[in-house]
Amino acid sequence: MLVFVTGATGCIGSASVSHLLARGHRVLGLTRSEAGATALKAAGASPHFGSLQDLESLRRGARQADAVLHLAFEHDFTRFSEVCALDKAAIEVMCAELEGSGRAFISSSGVALVAPGGVATEDSEPLPVSEALPRFSEHTPMTFVGRGVAAGAVRFAPSVHGREKQGLVTWLIQIARQTGVSAYVGDGENVWPAVQQQDAAELCALAVEKAEPGARWHAVGEEGVPLRAIAEAIGRGLGVPVVSKAPEEAVGHFGGWIGNFVGLNIPASSRKTRETLGWQPRGIGLIEELDRIFAR
């Protein structure tokens with residue numbers, strides 16, 4: 001089938017394009033640049049020029065596709081409400097093109113704030129949209145399930161890690177470089193889930209093929225990696241001290257949005273995803289990935 005992929009030149013998107021092509025699908029990849037188009041052609045995909053701001057380009061892409069994999073999102077946390085509203089409009093336009101067709105629309109989401117105080121599972125409902133959490137990535141597609149769209153979501157771990165990027169851990173590395181210390185909060189025993197980039201991409205391909213309306217799949221290879229272990233790996237790699245910060249110091253040290261996030265304990269399970277889709281993560285763990293990156 002022909003799959004329209006937004007975010008097709010990004011970290012997860014480019015890997016997902018490769019997995020879809022390897023599984024015999026054709027790919028139409030959204031790009032806003034000639035460099036992106038060249039990369040897509042080299043991979044064997046067809047470029048589709050446009051952007052999240054260009055709703056007509058999204059409409060045209062979805063119209064000709066057998067399925068849509070929506071991975072694009074502007075990660076600008078200084079204007080989070082604005083980019084979430086942009087994402088909502090993009091989802092609505094694409095899903096409207098698929099309405100009544102039974103075609104798949106797979107959106108990207110996250111496991112981080114799904115089950116505060118517990119282990120997030122695929123059956124955990126997302127938190128309601130609010131002023132504090134204005135993310136529509138799951139809520140909006142699911143409103144189209146009753147309108148003939150096989151809408152679902154892949155929830156990614158906070159760290160989708162590869163050689164070039166490591167999800168939110170990339171921010172922790174940057175902060176350690178800037179401050180000269182690798183920090184964690186409190187005793188550092190709080191955990192973040194993680195998944196290797198290629199494993200996450202394989203799951204995206206499986207989710208598109210399964211096209212189960214209303215399904216939520218968890219791209220989680222490791223249920224929880226302690227933040228202290230992550231900080232220690234960064235400290236080893238950069239040759240900087242590893243320190244603990246009190247909760248009240250977190251925002252001042254890490255910065256606003258991630259300072260409120262780094263001390264959270266957010267374990268997540270992918271048991272249902274593995275059992276249902278036959279997905280078996282095979283990539284290396286986050287700490288091993290970090291050690292390899294810094295050893296280069």
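Values quoted throughout were computed directly from the atomic coordinates according to the rules given, and no laboratory measurement underlies them. Only a predicted model underlies this, so the values are computations on that prediction, with no experimental measurement involved. Here the Cβ positions follow ideal geometry from the backbone for every residue, glycine too, while neighbour counts run over all protein chains shown.
What angle, in degrees between 0 and 90 and rounded to the nearest 10, separates the Cα long axis of helix 286-295 from the longest principal axis of the Cα atoms of the chain? Tilt relative to the chain: about 70 degrees. Spatially, region 1-76 and region 137-153 are offset by 20 Å when compared through their Cα centroids. Using only Cα atoms, find the angle between the long axis of helix 55-64 and the longest principal axis of the chain, and express it within 0 to 90 degrees, rounded to the nearest 10. So the helix axis and the longest Cα principal axis differ by about 60 degrees. Where both bridge residues fall in the chain, DSSP classifies roughly 10% of the beta bridges as antiparallel.
Backbone geometry of region 12-17 corresponds, through the Karplus equation with coefficients 6.51, -1.76 and 1.60 at θ = phi - 60°, to 3J(HN,Hα) couplings of 6, x, 5, 5, 5, 4 Hz, x marking Gly and Pro.
Database remark: amide H of Arg155 closer than 5 angstrom to the amide H of Ser109, Trp217, His218, Ala219 (H placed geometrically; neighbours at sequence offset of 5 or more, or on other chains; Pro and chain starts carry no H).
For the options Phe254, Phe77, Phe144, a Gaussian network treatment of the chain with springs between C-alpha atoms closer than 10 Å singles out Phe77 as fluctuating the most. Dipole size of the chain about its Cα centre, with +1 on Lys/Arg Cβ and -1 on Asp/Glu Cβ: approximately 700 debye, rounded to the nearest 20. Where a ≥ b ≥ c are the square roots of the eigenvalues of the C-alpha gyration tensor, would you call region 1-100 rounded, which needs a/c under 1.5, or, failing that, prolate if a/b is larger than b/c, or oblate? Oblate is the answer for region 1-100, as a/c is 1.5 or above yet b/c matches or exceeds a/b. Between Gln53 and Asp123, the simple label model (points 7 Å from Cα in the Cβ direction) yields a spacing of 4.4 nm.
Using mean Cβ contacts within 10 Å as the protection proxy, how do 184-193, 197-206 order, highest first?
On the way: 184-193: 20.2, 197-206: 24.2.
Ranked from most to least packed, the peptides come out as 197-206, 184-193.
Which value at 222 nm does the chain reach when only helices count, each DSSP H run of 4 or more adding -39,500 (n - 2.57), with the total divided by all residues and rounded to the nearest 500 deg cm²/dmol?
My calculation for the chain gives -11500 deg cm²/dmol from helical runs alone.
Sorted fewest first by neighbouring Cβ atoms within 10 angstrom, Val111, Val242, Val169 come out as Val242, Val169, Val111.
Evaluated on the chain, the Kirkwood hydrodynamic radius is 19.5 Å, with distances taken between all distinct Cα atoms. Computed from label points 7 Å out along Cα-Cβ, the spacing between Glu131 and Glu212 is 3.8 nm.
Does anything in region 149-171 have its amide N under 17 Å from the 7 Å Cα→Cβ label point of Arg23, and if so which residues? The answer is 150-156. A simple spin-label model places the labels of Val251 and Ser33 3.4 nm from each other, with each point 7 Å out along Cα-to-Cβ.
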